[in-house]
Amino acid sequence: MCRERTAGRIKSMVELNLDYRAPEARVFHFNDPNSIYSIYTGEGREADRVFRSMAKQLMTVCASLGENPFIRYHQHSDLCMALASILQDHIDTYAEENGDALTSGDHRATLLILERGHDLVAPLVHDFYYQNMVYDMLPVDGYSYSYQFIDNDDEEQVREAVLSDDDAVWVRLRHMHIAEACDVVIKEFNEFLKQNKSIQTIDNKQKVSSLKQMTEAVRAMPEYQDMKKKYALHMDMASKCMDEFEERRLAEVGAVEQDIVCGEDALGKPVTHKHVLPRLKELLSAHDIRCVPPRSFFQSLFFSPPVSFFIPLP
């Protein structure tokens with residue numbers, strides 16, 4: 001770099017430890033979907049390689065945050081203990097080489113290290129928050145989502161959107177329950193109606209009360225070019241999520257899932273096979289519920305004692 005023409009224009013350089021990906025402000029990952037397979041099924045060398053790579057990447061997260069955390073891990077897990085030990089060595093080395101770059105003293109963050117085996121059920125349970133429903137039920141490719149909309153000439157168009165922090169509406173809605181997210185979208189649209197007199201005239205100054213009514217109103221707007229980028233995407237996604245919710249009977253599915261996973265009902269009373277088995281059998285044999293039977297079946301394996309039954313194929 002010293003030989004390049006730009007060398008004379010560079011006043012200083014700073015090395016940033018960014019060996020991770022942060023799709024959201026408070027979420028990061030290491031872009032290694034095969035790591036869990038390598039850890040649990042790989043031989044000693046392969047598992048050790050993954051641990052060392054993961055520890056180094058975790059260290060860069062701590063360096064970015066300026067944290068020298070207290071590391072806590074599950075004492076009965078050899079995997080957690082191994083990762084914690086390697087990570088502590090990396091952090092100690094970095095702290096020695098970089099002076100006051102990391103926090104010190106008693107007021108430090110705490111890093112908890114757990115393994116997937118401590119919670120096998122969570123990935124199987126349906127989550128009804130907006131972001132999770134979008135990724136679970138809609139054809140999202142990474143962070144891209146393609147949807148159809150009607151332009152001002154009443155022609156159907158296809159647009160590809162990126163679900164990222166650049167979309168302010170997505171940032172506000174993604175961690176809301178799907179019902180709350182729908183209400184917020186409608187509320188924001190009604191506020192837009194109040195602030196734009198031309199739209200009030202077109203819509204006869206009436207507020208919308210549903211996503212369908214909202215979609216029809218937006219299509220009638222002369223200012224649709226600005227509005228469609230902000231609302232069309234989330235109207236489409238929220239509507240399709242609710243359609244899937246109803247089609248898959250997820251209200252019933254979610255109630256059974258909660259009973260199985262928690263071991264008690266909404267009133268705090270213990271759930272027995274007598275209460276769960278008939279409902280679970282009905283769900284597993286309902287061929288109109290797409291993608292639910294495998295989840296419900298695996299969840300039943302964690303019920304204490306495990307549910308055992310036979311359902312004939314059609």
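Select from region 236-272 the residues that are crowded, with 16+ Cβ neighbours inside 10 Å and farther than 15 Å from residue 128 by Cβ and list them in ascending order. 236, 239, 259, 260, 271, listed by residue number. Once region 125-151 is narrowed to residues that are open to solvent by 70 Å² or more (accessible area, probe 1.4 Å) and not aromatic (Phe, Trp, Tyr), the residue that is farthest from residue 258 (Cα to Cα) is 148. Picking from residues in region 156-175 that are within 12 Å of residue 233 (Cα to Cα) and assigned to a loop (DSSP other than H, G, I, E, B), the one that is modelled with the lowest pLDDT is 167. Looking at residue 79, is it farther than 21 Å from residue 26 by Cβ, touching a residue at least 24 places away in the same chain (Cβ under 8 Å) and within 27 Å of the chain's Cα centre (by Cα)? Yes: the conditions hold for residue 79. The set of residues in region 98-126 that are modelled with pLDDT of 90 or more and either touching a helix residue (DSSP H, G or I) at 6+ places or on another chain (Cβ under 8 Å) or on the phi > 0 side of the Ramachandran plot (or both) comprises 109, 111, 113, 114. The set of residues in region 20-39 that are of a type outside the set (Val, Ile, Thr) and touching a residue at least 24 places away in the same chain (Cβ under 8 Å) comprises 20, 23, 24, 25, 28, 30.
The selection criterion, being loosely packed, with under 12 Cβ neighbours inside 10 Å, modelled with pLDDT under 85, more than 19 Å from residue 139 (Cβ to Cβ) and not aromatic (Phe, Trp, Tyr), does not hold for residue 200.
Using the structure shown, decide if residue 298 is aromatic (Phe, Trp, Tyr), open to solvent by 60 Å² or more (accessible area, probe 1.4 Å), on the phi < 0 side of the Ramachandran plot and at pLDDT 60 or above. So that I can check it myself, show each step before the final result.
Details: aromatic (Phe, Trp, Tyr): yes; open to solvent by 60 Å² or more (accessible area, probe 1.4 Å): yes; on the phi < 0 side of the Ramachandran plot: yes; at pLDDT 60 or above: yes.
Yes, satisfied.
Among the listed residues 264, 257, 252, 282, which satisfies the condition of being at pLDDT 70 or above and in contact with a strand residue (DSSP E or B) (Cβ under 8 Å, 6 or more places away or on another chain)? Outline the logic, then answer.
Values: 257 fails: in contact with a strand residue (DSSP E or B) (Cβ under 8 Å, 6 or more places away or on another chain); 252 fails: in contact with a strand residue (DSSP E or B) (Cβ under 8 Å, 6 or more places away or on another chain); 282 fails: in contact with a strand residue (DSSP E or B) (Cβ under 8 Å, 6 or more places away or on another chain).
One residue alone meets the criteria, 264.
Here is a yes/no grid of residues against (1) polar (S, T, N, Q); (2) at pLDDT 90 or above; (3) closer than 26 Å to residue 92 by Cβ:
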| site | (1), (2), (3) |
| --- | --- |
| 7 | no, no, no |
| 18 | no, no, yes |
| 21 | no, yes, yes |
| 28 | no, yes, yes |
| 42 | no, no, no |
| 47 | no, no, yes |
| 51 | no, no, yes |
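The values are calculated or read from the model by the stated rules, or taken from the named source; none is laboratory data. None of the values given here were measured: they were computed from a predicted structure. Because the Cβ atoms are built from the backbone with ideal geometry, glycine has one as well, and the counts that use them run over all protein chains shown. SASA here: full protein model, heavy atoms, side chains in, ligands and nucleic acids out. Shrake-Rupley method; radii C 1.70, N 1.55, O 1.52, S 1.80 Å.
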